[in-house]
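Engineer: Structure provided below as structure tokens; questions to follow.
The values are calculated or read from the model by the stated rules, or taken from the named source; none is laboratory data. Just so it is clear, the model here is predicted, and its values are computed rather than measured. Glycine gets a Cβ as well: all are built from the backbone with ideal geometry, and neighbour counts include every protein chain shown. Just so you know, the surface numbers come from the protein's heavy atoms only, side chains and all, with ligands and any DNA or RNA stripped out. Shrake-Rupley method; radii C 1.70, N 1.55, O 1.52, S 1.80 Å.
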Amino acid sequence: MVTARVPPRVSVLLPVRDAEGTLAACLRSIARQTERAFECVVVDDASRDGSGEIAAACARADARFRVVAGPGRGIVAALETGRAHCRAAVVARMDADDWMHRDRLRVQCDAPDAA
């Protein structure tokens, strides 16, 4: 089990609805980030498949992941719900059928300092 020990430098906002086929790979790609100080807010937007269980299992294994129940009113409402739960100043958007390069969050967080 991974425990969250430091405040998040970046929040990953991940709305999910009926993404059972792709969600596990998506969550693995987030968990393996080289930037370790992140949180992932998974908004389960009233999924009717196993998406909620997949997200909950990930959250039980890794404290950087949290699952929030969405209102089931679509992506805009799910994003608004999730944003209210994000604690970091930087928010990285992710879709449940995507995966992220292992350096994405580090590069995204470091970019303002490089400018």
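Engineer: Taking the range 47-61 as the region of interest, how many residues are outside any loop (DSSP other than H, G, I, E, B) and open to solvent by 10 Å² or more (accessible area, probe 1.4 Å)?
Structural biologist: In the first step, residues of the range 47-61 are kept if they are outside any loop (DSSP other than H, G, I, E, B); the result is 51-61.
So of that shortlist, the ones also open to solvent by 10 Å² or more (accessible area, probe 1.4 Å) come out as 52-54, 56-61.
Count: 9.
Engineer: While we're looking at this one, here's another question. Quick check on the range 65-83. Is at least one of its residues under 18 Å from C109 (Cα atoms) and surrounded by fewer than 19 Cβ atoms within 10 Å (Cβ to Cβ)? Give the derivation first.
Structural biologist: Filtering the range 65-83 down to residues under 18 Å from C109 (Cα atoms) leaves 83.
Imposing the further condition that a residue be surrounded by fewer than 19 Cβ atoms within 10 Å (Cβ to Cβ) reduces the set to 83.
Yes, some residue in the range 65-83 is under 18 Å from C109 (Cα atoms) and surrounded by fewer than 19 Cβ atoms within 10 Å (Cβ to Cβ).
Engineer: Being polar (S, T, N, Q) and either touching a Leu at 6+ places or on another chain (Cβ under 9 Å) or closer than 12 Å to W99 by Cα (or both) is the filter here, so list the residues in the range 1-46 that pass it. Show your work before the answer.
Structural biologist: Just the residues of the range 1-46 that are polar (S, T, N, Q), to begin with: 3, 11, 22, 29, 33-34.
Residues satisfying the conditions are T22, S29, Q33, T34.
Engineer: Within the range 23-45, can you find the residues that are among the basic types (K, R) and not in a loop (DSSP other than H, G, I, E, B)? It would help to see each step written out before you state the result.
Structural biologist: The first filter runs over the range 23-45 and keeps only residues among the basic types (K, R), leaving 28, 32, 36.
The answer is R28, and nothing else.
Engineer: Okay, next question. Taking the range 9-46 on its own, how many of its residues are under 19 Å from E80 (Cβ atoms) and open to solvent by 30 Å² or more (accessible area, probe 1.4 Å)?
Structural biologist: 3
Engineer: Can you tell me which residue in the range 91-115 is nearest to T81 (Cα to Cα), limited to those that are exposed (fewer than 12 other Cβ atoms within 10 Å of the Cβ) and among the hydrophobic types (A, V, I, L, M, F, W, C)?
Structural biologist: A111
Engineer: Across the range 75-115, which residue is nearest to the chain's Cα centre (by Cα) among those that are without any contact (Cβ under 8 Å) to a residue 24 or more places away in the chain and in a helix (DSSP H, G or I)?
Structural biologist: So the residue we want is E80.
Engineer: Enumerate the pairs (first residue in the range 43-57 and at pLDDT 95 or above; second residue anywhere and assigned to a helix (DSSP H, G or I) and open to solvent by 30 Å² or more (accessible area, probe 1.4 Å)) with beta-carbon separation below 7 Å, excluding pairs fewer than 6 apart on the same chain, so at least 6 apart or on different chains.
Structural biologist: Pairs found: V43/T81; I54/A24.
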